[in-house]
1. Taking only protein heavy atoms into account and a 1.4 Å probe, give the accessible area per residue of region 76-140 in Å².
2. Assuming a ≥ b ≥ c are the square roots of the Cα gyration tensor eigenvalues, decide whether region 86-136 counts as rounded (a/c under 1.5), prolate (otherwise, with a/b larger than b/c) or oblate.
3. Mind checking the log10 I(q)/I(0) for region 136-265 at q = 0.09, 0.14, 0.20 Å⁻¹? Debye, one equal scatterer per Cα, no solvent, two decimals.
4. When ranked by the protection proxy of mean other Cβ atoms within 10 Å per residue, highest first, what sequence do the peptides 161-170, 191-200, 67-76 form?
5. Strictly greater than 15 Å: what percent of every Cα pair in region 212-259 meets that?
6. If contacts are Cα pairs under 8 angstrom and at least 6 residues apart, what is the relative contact order of region 9-126 in percent?
7. Using bins 5 angstrom wide from zero, how does P(r) for region 93-170 break down, in % of all Cα pairs?
8. Rounded, prolate or oblate: which fits region 126-173 when a ≥ b ≥ c are the square roots of the eigenvalues of the alpha-carbon gyration tensor, with rounded for a/c under 1.5 and prolate only if a/b beats b/c?
Amino acid sequence: MQKDIETLFGHLWDNYIQVTPSAHKVHQLLGGGAPIINDHVAFRTYNLPKLGLEKLAAHFRALGYEEKGEYVFKAKKLYAKHFEHSDPDAPKVFISELKVEELSEGAQAIIHKLVDQVPDHLTDTPAFLYTGAPWQVSWSDYQTLLAESEYAAWMAAWGYRANHFTVNINRLRDFETIEEVNSALKAAGFVLNTVGGEVKGDPQVMLEQSSTMADKAEVAFSDGVRAIPSCFYEFARRYPQPDGVLYPGFVEASADKIFESTNAM
Ligand code: OOG
Ligand code: NI
């Protein structure tokens, strides 16, 4: 992998494992000592001009990533794009954004109060992508957002970081099917996201996905420290298209369920 890409994903990983300690265990369990290849890494944001999807995408475009697909999640009020690099070892990138204007006036006011705390230049450097929450949020504002949009609340608490890494099952040495991966995870005590079934997708849509429910980690809210769902690990198996090339995209109906991996259990 290109040195600058490797460096960025290294920083993202270090930041991610601070709040997702179970990720180490996932690597031990599925890699058996061999390195894990990640299928993709996902990011979240609010669609406000200062911090919209394109502010994050710019750093991946600068590394040679290209926009390949777009996705709409109407009920969750989300829009997303995915990006690919010509290097097959470079993880794909999935970036979603919340359509803030579709939330209630109250929720919009809370989000604007957060984003107003962010300096314009924050998004200029790639380090922005693992900067965490660049604002102070109170426990009560977090709760107000949570009642309306779990995504809005997660974003307020955790901000800019990899929301999840995703094991590329096709590249595992010791596992072939997603069912085998899920069984190993459950036997090791992981709780899987069962929304819409443990396995999302099938060979017909050329993508099967599963994920753990997010770890819990402490957040310093402006009025005290609380433990809440942080980040999770996803598992993806891709199938060949008629031309023999593995399907490179995402599947809206499956992604819609993966978002729920940060729900409280
Ligand atoms: C993204 C959920 C969608 C996938 O692989 O379909 C996704 C998120 O939870 O932020 O990652
Ligand atoms: Ni994902």
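1. Numbers: 2790 Å² over 65 residues.
Per residue, region 76-140 has 43 Å² of solvent-accessible surface.
2. Taking the square roots of the gyration eigenvalues as a ≥ b ≥ c, region 86-136 is oblate.
3. Result of the Debye calculation: -0.31, -0.68, -1.12.
4. Per-residue mean Cβ counts within 10 Å order the peptides as 161-170, 191-200, 67-76.
5. Tail of the P(r) past 15 Å holds 64 percent of the pairs.
6. Here the relative contact order equals 25 percent.
7. Pairs per bin, as whole percents: 3, 14, 24, 24, 17, 11, 4, 2, 1, 0.
8. oblate
The values are calculated or read from the model by the stated rules, or taken from the named source; none is laboratory data. This one's a predicted model, so the numbers in the text were calculated from it and none came from an experiment. Don't worry about glycine lacking a Cβ; one is built from the backbone with ideal geometry, like all the others, and counts go over all protein chains shown. Heads up: the accessible areas ignore ligands, DNA and RNA and are worked out on the full protein's heavy atoms, side chains in. Shrake-Rupley method; radii C 1.70, N 1.55, O 1.52, S 1.80 Å.
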